[in-house]
Every structure is written in C-alpha cells, then in structure tokens.
1. For region 67-111, what is one quarter of the convex hull surface built on the Cα atoms, given in nm²?
2. Per 0.36 nm of contour for each residue apart, how much would the distance between residue 80 and residue 62 grow if the chain were fully extended, relative to their Cα-Cα spacing?
3. Summarise the accessible area of region 60-107 (1.4 Å probe, protein heavy atoms) by the percent that is carbon and sulfur.
Amino acid sequence: MQSQNFHLNFPNMKFSSFFLIAILFLQGFAEALTLNDAPGSPTQVEEPGNLGSLLKKSPHPKINCSHECTRRCSKSSRKNVCHRACKTCCKRCHCVPPGTYGNKNVCPCYANQRTHGNKPKCP
C-alpha cells in the first residue's frame, strides 16, 4: 500500500493565520472603541475644554458637613459631642436632616446609623 503524502502549503497556512489574527485584533479594537463612546464614559467630553467631565463624577452631591452640622447642633447642650457625631454621619451618608432635631426620615442612612450599644449615632 502506498501512503498518501499530505503536502501542507506553508505560505498559504501562514497567510491564513495572519489573516485570522488580524481580524480578531480589529474586532477587539472596534469593541473597545464602542465601549469608550458609550454615554457617561470618562472619555466623552460634553463641551470643549471641560476637564470636569473627564473625571469620575461623584454619585452624591458634595455638601459642607461642617456647616450643616453646626446648624444641626446649634441648640444642643453638648455641641462638641453633637458636632463630632454629626460630621461622622454626614461623611458616611452625604446628608444631614433639616432643622435642629428630628426630620430623620429625610435621610434614611443618617437615621439608621447606630453606636456599638445599638443607640442612634446621629443627632
């Protein structure tokens, strides 16, 4: 019996491999471009020269915790203790309820903070 010799055409095989790799590379590059052009991506600039949109936007509005806690604790008999606890809660929750007492339903995170003794932490 005569064995069959399979001749592999190496130049043709190399071209096919190169072509396949090139297509995969281009597909990956095109996919990366579509991800960067998505709305809200950090590379998309709404206005020319607006560097703020290149930075990650905070999910919470920035508030002045010191000012808000001074207002919140203005009628407290222990202002330093109240102010320290309020600032901790404000930094965690990004919210301070209006008024000097109560209204915690406006800031659920603020209302749910507890001490180690399971007492309300935030004034």
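1. Working: hull surface 10.7 nm².
Averaging across all directions leaves 2.7 nm² for the Cα convex hull.
2. Length gained between residue 80 and residue 62: 4.2 nm.
3. Carbon with sulfur: 52 percent of the solvent-accessible area.
The values are calculated or read from the model by the stated rules, or taken from the named source; none is laboratory data. Computed from a prediction, not measured in an experiment: that's the story for all the values here. These area figures cover heavy atoms from the full protein model, side chains too; ligands, DNA and RNA do not enter into them. Shrake-Rupley method; radii C 1.70, N 1.55, O 1.52, S 1.80 Å.
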